[in-house]
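Enquirer: I have a structure I would like to understand better, so I am pasting it below and will then ask my questions one at a time.
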Amino acid sequence: MRITDVSAFPVNIPLKPIEDGGIAPYRTNHGELYDMDRVLVRVETDAGIEGWGEVRVFLSPEATVSVIEDGVGPLVVGQSPFEIEKLRRQVFIEYTNANMFFAPVETACWDIVGKELERPVSELLGGWTVTHQTNMQDREQSKGDRHSREVEFAYCLGIFSPEESREYAKYALEEGYNVLKTKAGRDWQEDVERIRAMHEAVDGELEFRLDPNQGWTVEDAVRVGAKLEDSGIYLQYMEQPIRVDAHGSLRQLRTRTRQPIAANEDTYIPHNLQKMIAEDAIDVGVVDITPAGGISGVRQLANIAEDGGISLSHHCAFDLGIRTAAILQTVYGLPGINLASDTAYYGWETDVIEEPFTIDDGKLTVPSEPGLGISVDMDTVEDHRIL
């Protein structure tokens, strides 16, 4: 079997308003989102089997499509989709990191291999592990072939006032989520008040992740941690509180607060996860298929994290059904990813797969069909296509 073509389809999908159970406006310290551009990638083979991947837009839809079709495509056409590690090492572009553009192609290759072998990707990765079961009762019920294919996710919330945030926290708890991740970074004192308000609203029944996207100084982060501790609130983690590549400062921060420290954007840089673990700078890594270069890249990071004794979660980048399926297969099939991954899947007005996922009690079901386990609805793709 050989790859015959790589094609990219940029789409724009609106986000559902938060008052209707969605997520818009999604406010961060960088701006507000009401819709998202995504690029869907199809890899075709001479056996008539095609695979799909998905990536966010970088710089522009035109630039993203061009790099994938005109840059990465010629490097893999004519080669076997089974030789994923070989392809990973061949996609080398001097002076830049091509991982993010190769990632959807790599995911599509996993999809093709799974379809050819008639096995879901999670099984090819090694199959279910107990790290994804939330308590001992679940584990006992999941022994042998009876294990659940459900994976827990964290509810994601943008920046709102403390009063509004209270209501959304109650909604997340009512919907069955155990963890809520909220953006931060515009005003550290208001960030504290928002967490306090949400913690009070749910009577401590939710865990919280606070993500300022590098928006705090070390001093800000220390004060946030101390004020929350004074209120008896211990986050699941602070995510990337300070700028990337400041590992000494990150280590210093970790010694000055009892709040666990997580790295996200820092894990996008090759070898940073290994370096941060060696420097005792983090408690948690928040990894992502796209900057990792695909599922194989996440597998490598998960091995590093497990050997280093830190926890892992998977990041959300406003993922449609294709990348959501890839995340599900990955976190289900890899040991080491032991914390609920983030999701904003409930925020889309529509999806590009024929059978969209349903979130039930904060969980999504891993498809058991071959490959990623999804089929793309080309009519919907064409309806939302922007090039």
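Enquirer: Considering only the other residues whose Cβ falls under 11 Å of the Cβ of residue 349, what net charge follows from Lys and Arg at +1 and Asp and Glu at -1?
Expert: Charge balance near residue 349 sits at -2.
Enquirer: If you count, for each residue, the other Cβ atoms within 10 Å and average over each peptide, how do 15-23, 112-120 line up from highest to lowest?
Expert: So the peptides 15-23, 112-120, ranked by packing, come out 112-120, 15-23.
Enquirer: Only loop residues by DSSP count here, and only those with at most 15 other Cβ atoms within 10 Å; note down the trypsin sites (Lys or Arg not before Pro) in segment 185-227 that meet that. Present the calculation step by step, with values, prior to reporting the outcome.
Expert: Values: sites: 186, 194, 196, 209, 223, 227; in loops: 186.
When the trypsin sites (Lys or Arg not before Pro) of segment 185-227 are filtered for loop state and at most 15 Cβ neighbours within 10 Å, 186 remain.
Enquirer: Could you list 276, 1 in order of exposure, starting from the residue whose Cβ has the fewest other Cβ atoms within 10 Å?
Expert: 1, 276
Enquirer: Mind sorting 385, 299, 38 by how few other Cβ atoms lie within 10 Å of their own Cβ, fewest first?
Expert: Taking fewest neighbouring Cβ atoms as first place, the list is 385, 299, 38.
Enquirer: Under unit Cβ charges (Lys, Arg +1; Asp, Glu -1), what dipole magnitude, rounded to 20 debye, does segment 203-280 have relative to its Cα centre? Spell out each step's value before the answer.
Expert: Numbers: 9 positive and 14 negative charges, 61 e Å.
Here segment 203-280 has a charge dipole of around 300 debye.
Enquirer: Oh, and also: Given N residues in the chain, what is its alpha carbon radius of gyration divided by 2.2 N^0.38 Å?
Expert: For the chain, the normalised Cα radius of gyration comes out at 0.96.
Enquirer: Would you mind checking which residues have amide H under 5 Å from residue 341's amide H? H placed 1.01 Å from N; only 5 or more apart, or other chain.
Expert: 154, 314
Enquirer: Count charges around residue 1 for me, please; just the other residues with Cβ under 12 Å from its Cβ, Lys/Arg as +1, Asp/Glu as -1.
Expert: -3
Enquirer: Could you give the spread of the C-alpha atoms of segment 3-119 along their three principal axes, from largest to smallest, in whole angstroms?
Expert: Extents along the principal axes, in whole Å: 47, 38, 20.
Enquirer: Going by alpha carbons, how many degrees (0 to 90, nearest 10) lie between the helix axis of 218-230 and the longest principal axis of the chain?
Expert: Approximately 60 degrees, to the nearest 10.
Enquirer: Could you pull the Rg and Dmax for segment 269-387, using just the Cα atoms, both in Å?
Expert: Using the Cα atoms of segment 269-387, the pair Rg, Dmax is 15.7, 50 Å.
Enquirer: Hey, rough spin-label estimate for residue 96 and residue 358, points 7 angstrom out along Cα→Cβ, what's it come to in nanometres?
Expert: 4.3 nm
Enquirer: Something else: Under a cut-off of 30 Å between alpha-carbon atoms, report the lysines in cross-link reach of residue 86, not counting same-chain residues fewer than 8 places apart.
Expert: Answer for residue 86, where 30 Å is the Cα cut-off: 115, 275, listed by chain and number.
Any read-out appearing in this document is the output of simple, stated calculations on the displayed coordinates, not a laboratory observation. Since this is a predicted model, take the numbers as computed values, not measurements. Neighbour counts are summed over all protein chains in view; Cβ atoms, including those assigned to glycine, are modelled from backbone coordinates with ideal geometry.
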